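*Asks:* Let me begin by handing over the structure; questions about it come next.
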Amino acid sequence: MSKYLLNKFLYTVDRDPELVERYREDPAGMVSWWEAERANAVLNCHTGEASTWLRFTDAERDALAAHDHVRLFELGAHPFLTLTLFIAMFERDHGPLEYQLAFAERMQHFNMPYPDIAT
């Protein structure tokens, strides 16, 4: 499991409106494409540097493809990164704060201490 890679996905997709729409419309395809094309790129580096070893686990891939923010949190994804991306994707389908309240309700069962979100 790579909390870094989960958070990198959420961070980079949220900052590109085209990727947000691709992830909304075809989550499994987007996750596969991003893992193959972007996962090993050095974050915020435009010089072509890359690593070669970063891959999602099956659980991470499945949670991303299902837009399952609760499972992503359990896997260590930072809730702020998940919330901001999911707001960009789904808030338009709901009334004011309706999506955010539903997001929080699904996270309600977590008690302190929360899953570790340190990277």
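The values are calculated or read from the model by the stated rules, or taken from the named source; none is laboratory data. As the structure is a prediction and not an experimental result, all values here were calculated from the model. We place every Cβ from the backbone using ideal geometry, glycine too, and count neighbours over all the protein chains shown.
*Asks:* Does at least one position in the stretch 55-63 carry a residue that is modelled with pLDDT of 95 or more, farther than 19 Å from GLN108 by Cα and touching a Phe, Trp or Tyr at 6+ places or on another chain (Cβ under 7 Å)?
*Replies:* no
*Asks:* On the given criteria, is ASP14 touching a helix residue (DSSP H, G or I) at 6+ places or on another chain (Cβ under 9 Å), buried (at least 18 other Cβ atoms within 10 Å of the Cβ) and modelled with pLDDT of 90 or more? Give the derivation first.
*Replies:* Numbers: touching a helix residue (DSSP H, G or I) at 6+ places or on another chain (Cβ under 9 Å): yes; buried (at least 18 other Cβ atoms within 10 Å of the Cβ): yes; modelled with pLDDT of 90 or more: yes.
In short, yes.
*Asks:* Out of the residues in the stretch 64-77 meeting the condition of being of a type outside the set (A, V, I, L, M, F, W, C) and at pLDDT 90 or above, tell me which one is farthest from LEU19 (Cα to Cα).
*Replies:* ARG71
*Asks:* Can you tell me which residue among ALA50, ALA28 is modelled with pLDDT of 90 or more and small (Gly, Ala, Ser)? Give the derivation first.
*Replies:* On the way: ALA50 fails: modelled with pLDDT of 90 or more.
It is ALA28.
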